[in-house]
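Below you'll find the structure, written out as structure tokens, and then a few comments.
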């Protein structure tokens, strides 16, 4: 009989070794080194993605910047960050966690992306995540990430500038996400992260106005999980590079849906709100419980199986 | 330990009354109460449509709730002009509040920091505890809840910056005198962080447990954005009330906070 301890949920993405397949998603508790450290130590995350960092400090959009809806969260933080210069200390502290640190960056041109990626690598990041998908910051994110030619150019420029793996985080708000993923692969990218939030709005009827100060925000949480699972499934049919699935993962079964669609690892963001900072431990345990019940001994045995059945 | 998910949905609520409380301080009464019994120090995010959304502690919650606010900027000034019937948005309550323990309690308020202490003072009195309250304020006319506290029969000690009432100078000097003469089981405080850092020293010196309510710039209020981070703890969710043991282990307490971009800045 297989005991729980024998369940192997280790995974590896572009050479980054993870003790479990759960990563902290960008934008959640990723602004300081100590909060990142805590998500690994107390939370049990297998890897950490920082908040998206730009060349200069940004205060982001005004409040309200987030609210909870019936089936998810809607946010428009507006990429607040202290700027790449001030972020070295945070990466150095996060590195004490001994799990891979993935530096998320945003910029408005391939050269700025490459510059930021070099700085982030110099700060000590183990990999780079390109934010090509923020839905609510003018001139950034999805505005660049919807065009396969621009995406390929950004990825290629960054890959040539640094020695560490480069992942691209994609938006589901495109007609064919797999073609964007293919552009990442053609540019030499080492992995695809899917999906970012989807543009949404919430109006307070009593006030007769949108709640968010930016009016439009990004929808995350359980509402977008089927969109993410579909996106990962479609991407897995088109590319060979690893896929990191993200969007509405609250439980081990949610994570397994993404893994069976073709994800090698998953990210969790809004789930920290729903289940607490130790959601990474909880989801890892639930994945192991599922594997034991269903006679899987390696995570690899589940990756992408829904795509071949 | 199970995770308690604090709902962060927005609710529109109606202002029932707007009363002056003290110099530059007013109290809004709103047609809303928290689902569970409120602990002093727990807070809500208040949305002032078209202006801002700010964290605000509740100064009472019974059949209605009250917010006691000092006018310090556009958001609080706008709230100060609100009239009965006007609407604001509310999310929460969030965070961990004061937990008075022991029989002989010393409450210390710096300015409008009296507001989050009020629910704890009221509860402590209902439980028959002995209460001493030291208040530091700019002047005698800036002391909130004076009538209510007097009618409750609370022993109030006052320190003012301008000497218009009570001890002239820091409330911490007053507290040193109280600690020398009294035998307190616990200190509960809210006010400027520099004041609370000094109180933590005094509490440790006198071996008295202390709880402090902290303030940081907040975006989400629900423990996920990281803007109120202090040494990896989120003031909005892990606090805003922290015990002395936790605070003693923090590098940032009394020294630095984060600006709106996340840059570390000194007090």
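If I take every Cα pair under 8 Å that is 6 or more residues apart in segment B:198-261, average their sequence separation and divide by the length, what percent do I get for the relative contact order?
It rounds to 35 percent for segment B:198-261.
Taking segment A:150-196, how much of its Cα-Cα pair set, in percent, is spaced more than 18 angstrom apart?
Result: 20 percent of Cα pairs exceed 18 Å.
Which value, in Å³ per residue, describes the convex hull spanned by the Cα atoms of chain B?
Per residue, the Cα convex hull of chain B comes to 133 Å³.
I need the Debye-formula profile for segment B:176-267: one equal scatterer per C-alpha, no solvent, reported as log10 I(q)/I(0) at q = 0.19, 0.23 1/Å, two decimals.
Here log10 of I(q) over I(0) equals -0.83, -1.13.
Would you calculate the separation in nanometres between label points at residue A:295 and residue A:56, each defined as 7 Å from the Cα along the Cα-to-beta-carbon direction?
It is 6.2 nm.
At 0.36 nm per residue, minus the direct Cα-Cα distance, what do residue B:19 and residue B:72 gain on full extension? Give it in nm, one decimal, please.
17.4 nm
So for segment A:14-69, Kirkwood radius off the Cα pairs, Stokes-Einstein at 10 °C and 1.306 mPa s: how many µm² s⁻¹?
Here the translational diffusion coefficient equals 122 µm²/s.
In deg cm²/dmol and to the nearest 500, what is the mean residue ellipticity at 222 nm of chain B if only DSSP H runs of at least 4 residues count, each as -39500 (n - 2.57), divided by the residue total?
Helices in chain B give a 222 nm mean residue ellipticity of -6000 deg cm²/dmol.
Within 10 Å of each Cβ in B:254-262, how many Cβ atoms from other chains are there, averaged over the peptide?
Average neighbour count from other chains, rounded to a whole number: 5.
Report the rotationally averaged projected area of segment A:152-309 based on its alpha-carbon convex hull, in square nanometres.
Convex hull of Cα atoms, orientation-averaged projection: 11.7 nm².
Can you give the extra length, in nm with one decimal, that the chain gains between residue A:308 and residue A:186 once fully stretched, where that is 0.36 nm per residue apart less the Cα-Cα distance?
41.5 nm
Give me Rg over Rh for segment A:196-259, both radii from the alpha carbons and Rh done the Kirkwood way, two decimal places.
1.14
Report the dimensions of segment B:25-97 along its three principal axes from the alpha-carbon atoms, largest first, rounded to Å.
30, 22, 21
Could you tell me how far the Cα centroid of segment A:207-232 sits from the Cα centroid of segment A:95-154, in Å?
Taking the Cα centre of each part, segment A:95-154 and segment A:207-232 sit 22 Å apart.
Let me confirm one metric for peptide B:165-174, namely the mean number of other chain beta-carbon atoms within 10 Å of its residues' beta-carbons. Working shown, then result.
On the way: counts 0, 0, 0, 0, 0, 0, 0, 0, 0, 0.
Average neighbour count from other chains, rounded to a whole number: 0.
Give me the compactness ratio for segment A:228-309, meaning the Cα radius of gyration over 2.2 N^0.38 Å.
1.05
Which value, to two decimals, describes the C-alpha radius of gyration of segment A:124-204 once divided by 2.2 N^0.38 Å?
Ratio of Cα Rg to 2.2 N^0.38 Å: 1.11.
Name all residues of segment A:7-45 having a backbone nitrogen under 20 Å from the label point set 7 Å from the Cα of residue A:112 along its Cα→Cβ direction, giving them as ranges.
A:27
What does DSSP give for the protein assembly as shown in terms of the percent of beta bridges that are antiparallel, rounded to the nearest 5?
Restricted to the protein assembly as shown, the bridges split so that about 50 percent are antiparallel.
Give the Rg (one decimal place) followed by the Dmax (whole number) of segment A:46-137, computed from C-alpha coordinates and expressed in Å.
Considering segment A:46-137 through its Cα atoms, Rg and Dmax are 13.9, 42 Å.
Given R₀ = 25 Å, what would the calculated FRET efficiency be for residue B:130 paired with residue B:170, taking r from the Cβ atoms and rounding to 0.05?
Here the calculated transfer efficiency is 0.55.
When the C-alpha atoms of segment B:20-64 are aligned to their principal axes, what extent does each axis show, in angstrom, from largest down?
29, 26, 19 Å, listed from the longest principal axis down.
I'd like to compare A:191-200, B:191-200: which one has the highest average count of other Cβ atoms within 10 Å, and what's the full order after that?
Top of the packing list down: A:191-200, B:191-200.
Run lengths n ≥ 4 of DSSP H only: what is the helix-derived mean residue ellipticity at 222 nm for chain A, with -39500 (n - 2.57) per run over all residues, to the nearest 500? Walk me through the numbers on the way to the answer.
Values: 11 runs with 107 residues, N = 309.
Computed mean residue ellipticity for chain A: -10000 deg cm²/dmol.
According to a simple spin-label model (label point 7 Å from Cα along Cα-to-Cβ), what is the distance in nm between residue B:162 and residue A:147?
Roughly 6.2 nm, to one decimal.
Label points 7 Å out from Cα along the Cβ direction at residue A:71 and residue B:81: separation in nm?
Going from the residue A:71 label point to the residue B:81 one covers 4.1 nm.
Would you mind estimating how fast chain A diffuses translationally, via Stokes-Einstein at 4 °C and 1.567 mPa s with the Kirkwood radius over Cα pairs, in µm²/s? Don't skip to the answer; put the middle values down first.
Values: Rh = 19.0 Å.
This corresponds to a translational diffusion coefficient of 68 µm²/s.
Kirkwood Rh over Cα pairs of segment B:8-159 into Stokes-Einstein at 4 °C, 1.567 mPa s: D in µm²/s?
82
Rule-of-thumb check for segment B:141-200: C-alpha Rg over 2.2 N^0.38 Å? Each step should come with its number before you reach the end.
Values: Rg = 12.3 Å, N = 60, 2.2 N^0.38 = 10.4 Å.
Compared with the compact-globule rule of thumb, segment B:141-200 sits at 1.18.
For a protection proxy built on the mean count of beta-carbon atoms within 10 angstrom, sort B:115-121, A:244-250, B:104-110, A:119-125 highest first, please.
So the order, starting with the most tightly packed, is A:244-250, B:115-121, B:104-110, A:119-125.
Compute for segment B:114-267: radius of gyration divided by Kirkwood radius, i.e. Rg/Rh, restricted to C-alpha atoms, rounded to two decimals.
Values: Rg = 16.3 Å, Rh = 16.7 Å.
That ratio equals 0.98.
Percent of Cα-Cα pairs more than 45 Å apart in the protein assembly as shown, please.
22
What percent antiparallel are the DSSP beta bridges of chain A, to the nearest 5? Before the final figure, lay out the partial values.
On the way: 17 of 44 bridges.
Bridges in chain A are about 40 percent antiparallel.
Throughout, read-outs are computed from the coordinates displayed, never taken from laboratory work. None of the values given here were measured: they were computed from a predicted structure. Here the Cβ is made from the backbone with ideal geometry for all residues, glycine too, and neighbour counts use every protein chain on show.
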